[in-house]
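The values are calculated or read from the model by the stated rules, or taken from the named source; none is laboratory data. Worth saying up front: this structure is predicted, and the values here are computed from it rather than measured. Please note: Cβ atoms are built from the backbone with ideal geometry, for glycine as well, and neighbour counts cover all protein chains shown.
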Amino acid sequence: MHTVDPKLLAKDIKLLICDVDGVLTAGDVYLDNSNLELKAFNIKDGLGIKLLQQQGVEIAIITGRESNIVERRMAELGITHIYQGRKDKIASFEALLETLNVTPKEVAYVGDDLPDLPLIRRSGLGIAVADAHFSVKERADWITFNDGGSGAVRDIADLILDAKGLLEDIHEGYWQQ
């Protein structure tokens, strides 16, 4: 892990890119005998994503697998930048930067396993979830407090919002309601 203060890296973030399995989910895929696939998403992660979006931070998904469940959950969250079935995540990353007119320094990427390392390296803030593979954690700028699928993305949202000086006002807004 690097020694730069993650808040310094997080304050300029305009785009958060997430892997899905192992980040937005615990990484478990449940398959039944009728080919039904199930995944569990954390509601706290969903609120964190919404809070980031409300502050103008774009959210994108780049995942190696393809699933209708991911399409459905991302639609619920208002995420439109969805790249599924991408074995070459770098091409999707580059396309996102061009589409959204952001620099790598303005990108936070969160992953959990070896295929995520190229994007962790390219991003201004490379993040590993708490239960990521040890090699990913060694190379990340920051490691979440929670495991993938268990609030890790909410940890990231709080980090970014705090670095931008917004988190306390957001919390206060809920307290005042």
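Values for this structure:
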| quantity | calculated |
| --- | --- |
| Criterion violated by PRO115 - all others in (1) in a helix (DSSP H, G or I); (2) of a type outside the set (Val, Ile, Thr); (3) out of contact with any Lys or Arg (no Cβ under 8 Å at 6 or more places or on another chain) satisfied | (3) |
| Any hit, the stretch 118-136, residues being crowded, with 17+ Cβ neighbours inside 10 Å, without any contact (Cβ under 8 Å) to a residue 24 or more places away in the chain and assigned to a helix (DSSP H, G or I) | yes |
| Residue among THR63, THR25, THR80 that is out of contact with any strand residue (DSSP E or B) (no Cβ under 8 Å at 6 or more places or on another chain), under 17 Å from ILE127 (Cα atoms) and of a type in the set (Ser, Thr, Tyr) | THR25 |
| Subset of the stretch 144-177 that is under 17 Å from the mean Cα position of the chain (by Cα) and small (Gly, Ala, Ser) - its residue that is nearest to ALA40 (Cα to Cα) | GLY149 |
| Search result, residues across the stretch 96-112 that are over 17 Å from the mean Cα position of the chain (by Cα) and in a helix (DSSP H, G or I) | GLU98, THR99 |
| Residue in the stretch 69-89 that is of a type in the set (A, V, I, L, M, F, W, C), within 23 Å of ASP113 (Cα to Cα) and part of a loop (DSSP other than H, G, I, E, B) present | yes |
| Failed item, numbered, when GLY149 is tested on (1) modelled with pLDDT of 95 or more; (2) assigned to a helix (DSSP H, G or I) | (2) |
